[in-house]
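Here's the structure we're looking at; comments come further down.
The values are calculated or read from the model by the stated rules, or taken from the named source; none is laboratory data. Only a predicted model underlies this, so the values are computations on that prediction, with no experimental measurement involved. Here the Cβ positions follow ideal geometry from the backbone for every residue, glycine too, while neighbour counts run over all protein chains shown. These area figures cover heavy atoms from the full protein model, side chains too; ligands, DNA and RNA do not enter into them. Shrake-Rupley method; radii C 1.70, N 1.55, O 1.52, S 1.80 Å.
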Amino acid sequence: MNGFPGTSGLIFDELLLWEKGAKGRRGMSLPPRDVDLTSPDQALVGELPDLPDLSEMDVVRHYTRLSQWNFGVDQGMYPLGSCTMKYNPKTNEKQAGLQGFAAAHPLLPDSLSQGAFKLIHDLERFLAEITCMDAVSLQPAAGAQGELTGMLIIYAYHKSRNSKRTKIIVPDTAHGTNPASAALCGFQPVNVKSGEKGILTPEVIAQVMDESVAGIMVTNPNTLGLFEEHIIEISEIVHEKGGLVYCDGANMNAIMGIADSAKMGIDIQHLNLHKTFSTPHGSGGPGSGPVCVRKHLEPFLPVPRIAFEEGVYRLSEDFPQSIGKLHAFYGNYGVLVKAYSYVLSMGPLLQRASQLAVLNANYIKELLKDVFHLAYDRPCMHECVFTDKEQHEQKISTFEIAKRLMDYGFHPPTIYFPLVVSGAIMIEPTETESKETLDSFVQAMKSIAQEAKDHPELLREAPTKTKVKRMDETAAARHPCLTG
Ligand SMILES: *Cc1c(COP(=O)(O)O)cnc(C)c1O
């Protein structure tokens, strides 16, 4: 296994803080107390908590060691399909940490918030230009909340036209949040199957589209990493019957500044700033899921909205058809600063980033398709989906392949998603990995495929080098033990 980044050396066991330290050990020396302990304050404080006595070094080593059990994109390749775990340049963090942004109070008067408002205004313009849409709200805090915003807008649009529509078409390749968002808004999700090529066919949409359907949610590129080639025709079918087209744009990393959403017939689209626009993510946030709309849906966007008149920025609530407020103040502002910094530092190179993300995924797809079964053998976008079909004979599954990858020093890809592919192994390398890293990853995957034939027990026992081996995942989900 030489030449791979995995190692098991110098990763420490670590006790709970309560099991460490010694009575009387301290993190700092304070002068002796010169006040009586039985002051009235004591009654207010009550029993002191039973905290362990630790030195500064005990504490520093404890948390540093725990942090080393974790894995992040700053350590290595993180090819988690659908999540766009790319390297996020540190300059974007630095800008978000500037005191003028990080310490600005959201209730400051407008006159003292002009810089913060300008950033919101300009980022809205950038995202509108990148997607070719007309107006943007930066309020939603995540992709799923962007979807909910979109559904509320679709509802408000139909209501304004006295049209009562109850259904939303959702393809089988959609992220689970899509039908959930539609249902949360009171719509009935109507599931449609994608065709043989892994994309939607206009015929299937035409069959379910009628005047009871409020719209369709299409993910493009879809969760199989394939571009919905018939999107224009599909949009026409939906529009003809008075419906709206919602695009889940979480996979924007493949098409930044390249695909024109307006020309594709999209009325409304969300983006995931924490995937595409440089906010480190995983384990729950903070995120941002801006919603971009065409002109006819602008009146329904959440309030407040940024207005710019006579050289002054201000917040305006004066949109009577608005769906209202989705988030306190202006959304997750720190994430917006990072996206703004990212867009400005990349400029037209955003297109290049998307091209490289697509190239890298196709590179991996071509090099691995002889050893792993490819779900759809055709050019992909930013991610490719394999299965464990070739390994069935050895009774090796996707789960074991993923576990074994950790021994080689790679974070496993997304597994068993999308649900339409049995035993899916979904790889998204992103544009930020070098050719050396991609080659090393490919070598590791090939080596695992060979091991599956010659030494399947190695996969059944994997991972062997990690701090924590196999977990009882059901118990971990059902009975989480959060105290250690
Ligand atoms: C990640 C993702 C979402 C959900 O985004 P969150 O920010 O996690 O709520 C929705 N759709 C697709 C296609 C995604 O990849």
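Would you please name the residue that is surrounded by the fewest Cβ atoms within 10 Å (Cβ to Cβ), looking only at residues in segment 81-103 that are more than 16 Å from the ligand (Cβ to nearest atom) and of a type in the set (A, V, I, L, M)?
Within segment 81-103, the match that is surrounded by the fewest Cβ atoms within 10 Å (Cβ to Cβ) is 103.
If the requirement is being of a type outside the set (Ser, Thr, Tyr), in contact with a Pro (Cβ under 7 Å, 6 or more places away or on another chain) and crowded, with 23+ Cβ neighbours inside 10 Å, which of these qualifies: 427, 401, 396, 448?
427
When you scan segment 267-286, how many residues do you find that are crowded, with 19+ Cβ neighbours inside 10 Å and part of a loop (DSSP other than H, G, I, E, B)?
Adding up the residues that qualify gives 6.
Checking the structure you have, find out if any residue of segment 383-390 is among the aromatic types (Phe, Trp, Tyr), assigned to a helix (DSSP H, G or I) and at pLDDT 95 or above.
no
So is residue 289 over 23 Å from residue 195 (Cα atoms) and open to solvent by less than 10 Å² (accessible area, probe 1.4 Å) or not?
yes
If only one of 416, 408 is farther than 22 Å from residue 366 by Cβ and not hydrophobic (A, V, I, L, M, F, W, C), which one is it?
416
Across segment 76-106, what is the number of residues that are assigned to a loop (DSSP other than H, G, I, E, B) and touching a helix residue (DSSP H, G or I) at 6+ places or on another chain (Cβ under 6 Å)?
Result for segment 76-106: 3.
Taking residue 216 as meeting all but one of (1) in a helix (DSSP H, G or I); (2) within 16 Å of the ligand (Cβ to nearest atom); (3) without any contact (Cβ under 8 Å) to a residue 60 or more places away in the chain; (4) open to solvent by less than 20 Å² (accessible area, probe 1.4 Å), write down the number of the exception.
So the condition that residue 216 fails would be (1).
Looking at 430, 483, 466, 437, which is the one that is in a loop (DSSP other than H, G, I, E, B) and closer than 30 Å to residue 277 by Cα?
Testing whether each residue is in a loop (DSSP other than H, G, I, E, B) and closer than 30 Å to residue 277 by Cα leaves just 430.
With open to solvent by 10 Å² or more (accessible area, probe 1.4 Å) and under 24 Å from the mean Cα position of the chain (by Cα) as the only criterion, which of 252, 264 stands out?
After ruling out the rest, the residue left standing is 264.
Would you confirm whether any residue within segment 304-325 is part of a helix (DSSP H, G or I) and outside the structural domain of residue 401 (by TED's automatic domain parsing)?
Within segment 304-325 (the criterion being part of a helix (DSSP H, G or I) and outside the structural domain of residue 401 (by TED's automatic domain parsing)), the answer is no, since none of the residues qualifies.
Looking at segment 170-179, can you tell me whether even one residue there is part of a helix (DSSP H, G or I), in the same structural domain as residue 235 (by TED's automatic domain parsing), open to solvent by less than 30 Å² (accessible area, probe 1.4 Å) and of a type in the set (Val, Ile, Thr)?
no
Which of (1) in contact with a strand residue (DSSP E or B) (Cβ under 9 Å, 6 or more places away or on another chain); (2) surrounded by fewer than 21 Cβ atoms within 10 Å (Cβ to Cβ); (3) assigned to a helix (DSSP H, G or I); (4) of a type in the set (A, V, I, L, M) is the odd one out, the single condition residue 353 does not satisfy?
Just one mismatch for residue 353, condition (1).
Among the residues of segment 260-303, write down those that are within 16 Å of the ligand (Cβ to nearest atom) and without any contact (Cβ under 8 Å) to a residue 40 or more places away in the chain.
283, 284, listed by residue number.
Select from segment 219-259 the residues that are within 11 Å of the ligand (Cβ to nearest atom) and polar (S, T, N, Q) and write down the one among them that is farthest from residue 173 (Cα to Cα).
If we take residues in segment 219-259 being within 11 Å of the ligand (Cβ to nearest atom) and polar (S, T, N, Q), then 253 is farthest from residue 173 (Cα to Cα).
Would you pick out the residues in segment 125-159 that are away from the ligand (no atom under 12 Å from the Cβ), surrounded by fewer than 24 Cβ atoms within 10 Å (Cβ to Cβ) and over 18 Å from residue 276 (Cβ atoms)?
Scanning segment 125-159 gives 134, 135, 152, 155, 156, 157, 158, 159.
For segment 363-377, give me each residue that is in a helix (DSSP H, G or I) and either surrounded by 18 or more Cβ atoms within 10 Å (Cβ to Cβ) or touching a Leu at 6+ places or on another chain (Cβ under 7 Å) (or both).
Residues satisfying the conditions are 363, 364, 365, 368.
Quick check on my filter: what residues within segment 378-393 are over 24 Å from the mean Cα position of the chain (by Cα) and either open to solvent by 50 Å² or more (accessible area, probe 1.4 Å) or hydrophobic (A, V, I, L, M, F, W, C) (or both)?
Hits for segment 378-393 are 389, 390, 392, 393.
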